[in-house]
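These notes concern the structure reproduced below.
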Protein chains: 2
Amino acid sequence: MRMSKGVEWALHTLLNLDMVDGGPVGSAQLAEAHGLSASYLNKQLQQLARAALVVSVPGPRGGFRLARPLESITLLDVVEAIEGDARLFHCTEIRCCGRIGELSPPPTGTCAVNAAMRRAEEAWHQALAAQNLAEIRAELDATPVVRRIVRSALR
Amino acid sequence: MRMSKGVEWALHTLLNLDMVDGGPVGSAQLAEAHGLSASYLNKQLQQLARAALVVSVPGPRGGFRLARPLESITLLDVVEAIEGDARLFHCTEIRCCGRIGELSPPPTGTCAVNAAMRRAEEAWHQALAAQNLAEIRAELDATPVVRRIVRSALR
DNA sequence: GGCTTACTACTCGGATACTGCTTGTCCGAGTTCAGGGGG
DNA sequence: CCCCCTGAACTCGGACAAGCAGTATCCGAGTAGTAAGCC
């Protein structure tokens, strides 16, 4: 039960894409900025493009740029974009199998275990959706100095 | 990012162990109750034993029994017992790598991305810790009928 | 008859294979830009 | 001098391998119960 490291890569890359304003940045430069594998980061960026968090520009001088401001991108958006489905617990309905399943009448309603786990995940989802990337940008002091460093690293 | 199905197995098995009161139940019978792999369930039960949620009794007529009442076992206890560590996001500090890492001064404090993800996980942990197995037992109507079915299935 | 002792059967416990997902890599499709040729 | 066309280089996009955690299985260590032998 470990979250894909693509989520971490995507979050930092989105923050970097916000520092440079305007033109698209290639996945190779974005990868070099943090010493990542360019091809694999490209894969993650494609996922973000499908989720409409970034737009991809093909051809030379192409790359990726933010599709919308960081204020409107939540942590949940990124997690769901990369992981596909932000569900942790998958009920396999074992209550219906085996001896107990045979002896018991067909169950009604959802599994109590599943419901409990789902409630906990709901709290997680809400906490993820409550934080947007602009707040994180504010937390990691995005001073003009930092902004200029990022911009020069992505040149 | 999928939780091990061992968590589901463990939760149902703990609830079953509460239905039969007293003597230990072998992993083979517990597995048959839900049509699971006995050896693999045994592995999960060993994890629960290490976490002091159940006690194992060796030898013939041995097996596992609850170490303490369901009221004092939370969902978080089970998740941590099976998964080992209930952390989803693992920060690899990529902010210190690559060009940005070289150009920037050594970072101070924890990574903002990490902190944000940690906050969300904290909400999840609290929601897990807030629910104990006795509440789940109450939810899945543990009528005397059900209780008798489980007990006969574990004979 | 009662006690001791050896044996057997049954259970947990950990070491050992197998599978699917995460991670990483490669090559092709498409597009922009530049340079040369023609009008 | 301006426009068009062709070529090349660069980018995304998806298809193709390698590594690792989750999944499943098997066999050995240990113990309780039992039965036989002895006092």
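What follows draws every value from the coordinates through simple rules; no lab data is involved. What you are looking at is a predicted structure, and each value in this text was computed from that prediction instead of being measured. No Cβ is skipped: glycine too gets one built from the backbone with ideal geometry, and neighbour counts run over all protein chains shown.
General remarks:
- More than 14 Å apart - percent of Cα-Cα pairs taken over segment B:63-103: 68
- Semi-axis lengths (Å, descending) of the ellipsoid that matches the C-alpha gyration tensor of the protein assembly as shown: 48, 18, 16
- Helix-derived mean residue ellipticity, 222 nm - over chain A, DSSP H n ≥ 4, -39500 (n - 2.57), to 500: -16500 deg cm²/dmol
- Ratio of the Cα radius of gyration of segment B:3-65 to 2.2 N^0.38 Å, where N counts its residues: 0.99
- Contact order relative to length of segment A:5-153, as percent, for alpha carbon pairs under 8 angstrom and 6 or more apart: 27
- Coarse-grained scattering of segment B:5-153 at q = 0.16, 0.21 Å⁻¹, given as base-10 log I(q)/I(0) from a Debye sum over alpha-carbon atoms: -0.86, -1.31
- Sparsely packed loop sites in segment A:48-152 (the trypsin sites (Lys or Arg not before Pro) outside DSSP H, G, I, E and B with at most 12 other Cβ atoms within 10 Å) comprise A:Arg61.
- Inter-copy label distances at B:Asp85, shortest first and taken from points set 7 Å along Cα to Cβ: 2.7 nm.
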